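Visitor: Right, I'll just put the structure down here and ask away after.
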Amino acid sequence: MTHDHQIQTIRYPGAMRIMHWLVAMLVFVTWPLGMVIKFVRDDIKPDAYLLHESLGFMALWLMLARIGIRLTSRVPRSGNGSMAGMAHLVHAGLYLLLIVMPVSGFLATNAHGFPLVWFDILPVWSPLGKAPEIAPLLSTVHRWSAWILFGLLALHLGGVLFHHVLRRDDTLYKML
Ligand code: HEM
Ligand code: HEM
């Protein structure tokens, strides 16, 4: 009886669930890492940047693949009425910000004159070289986006908690 809801749950396709949790793990590491870089000791700062940028860059490619998968798969609906509207708005915002974040960070570091060598192994070609005039702007976009992403994540996690704890519906199981 108690597990009826699980049996009927239409889950996201496997590839979507894997992508969701891979990107979530990356973001939960990359975001805080980005925030602490300016506080770490000078001698480990370059490593902190390298790790932050290499992980963030991975998130970009995972997100591009994920968007491709999303556009070609059937996904369960997110609720009804205005609740569905809210969920879709937050989800769309998350997709957008997870592209804007890595792209702005990548262009920023190139513009500042520090091209990315992915995990210190693979030099990454950039359409933008050193460009001190627009480097601060790109950094500003990256920093503001970080807080917009934070807000969206708060709404996202708040929504999941609301459904799971208060409504006690199957929202969370769709992604597990
Ligand atoms: C999902 C991907 C990413 C997330 C969530 C993220 C998040 C953040 C956060 C939270 C900060 C701190 C902002 C602040 O101090 O207020 C930051 C800073 C920074 N990030 Fe990222 N980042 C991502 C990807 C990247 C990538 C791919 C690069 C470069 C290749 C990059 C380069 C930087 C740099 C250089 C800073 C220092 C701030 C500045 O521009 O002066 N980030 N990031
Ligand atoms: C512990 C953390 C997380 C939990 C429990 C969680 C849970 C969920 C659940 C249950 C859904 C399905 C919602 C529905 O269909 O109505 C979902 C969708 C989604 N989540 Fe998360 N999530 C977490 C972290 C994240 C993070 C860190 C991100 C991105 C930075 C993220 C981005 C998304 C996106 C974009 C969707 C929409 C998927 C689609 O329709 O294509 N989630 N999440």
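The values are calculated or read from the model by the stated rules, or taken from the named source; none is laboratory data. Fair warning: this is a prediction, and the values are worked out from it, not measured in the lab. Counting neighbours? That spans all protein chains shown, and the Cβs are built from the backbone with ideal geometry, glycine included.
Visitor: Need the failing condition index for Asp169 against (1) part of a helix (DSSP H, G or I); (2) within 30 Å of Arg11 (Cβ to Cβ), just the number.
Guide: Checking Asp169 against (1) part of a helix (DSSP H, G or I); (2) within 30 Å of Arg11 (Cβ to Cβ), the one that fails is (1).
Visitor: Restricting to the range 23-58, count the residues that are of a type outside the set (Asp, Glu) and closer than 22 Å to Leu94 by Cβ.
Guide: 19
Visitor: Please give the helices (runs of 4 or more DSSP H) falling wholly within the range 1-72 in which 3 or more residues are within 10 Å of ligand 1 (Cβ to nearest atom) and under 14 Å from the mean Cα position of the chain (by Cα).
Guide: 14-36, 45-71
Visitor: Against the condition within 10 Å of ligand 2 (Cβ to nearest atom) and either in contact with a Phe, Trp or Tyr (Cβ under 8 Å, 6 or more places away or on another chain) or closer than 26 Å to Leu50 by Cα (or both), how does Leu149 come out, does it pass?
Guide: Criteria met by Leu149.
Visitor: Please find, within the range 73-101, the residue that is nearest to the chain's Cα centre (by Cα) out of those that are in a loop (DSSP other than H, G, I, E, B) and within 13 Å of Gly159 (Cβ to Cβ).
Guide: Within the range 73-101, the match that is nearest to the chain's Cα centre (by Cα) is Ser78.
Visitor: Right, next: So, Val75, is that one of a type in the set (A, V, I, L, M), surrounded by 12 or more Cβ atoms within 10 Å (Cβ to Cβ), at pLDDT below 95 and more than 12 Å from Tyr95 (Cα to Cα) or not?
Guide: The answer is yes for Val75.
Visitor: In the range 48-105, how many are farther than 29 Å from Phe162 by Cβ and within 10 Å of ligand 2 (Cβ to nearest atom)?
Guide: 0
Visitor: Inspect the range 135-144 for any residue being within 9 Å of ligand 1 (Cβ to nearest atom), aromatic (Phe, Trp, Tyr), farther than 21 Å from Leu51 by Cβ and modelled with pLDDT of 95 or more and give the result as yes or no.
Guide: Yes, that holds for at least one residue.
Visitor: Let me ask something else. Give all pairs with beta carbons closer than 8 Å in which a residue from the range 89-105 that is modelled with pLDDT of 95 or more meets a residue that is outside any helix (DSSP H, G or I); count only pairs at least 6 apart in sequence or on separate chains.
Guide: Listed by first residue and then by second, the contacts come to His91/Ser78.
Visitor: Suppose we filter the range 32-59 for residues that are surrounded by fewer than 12 Cβ atoms within 10 Å (Cβ to Cβ) and in contact with a Phe, Trp or Tyr (Cβ under 6 Å, 6 or more places away or on another chain); how many remain?
Guide: Of the residues in that region, 0 qualify.
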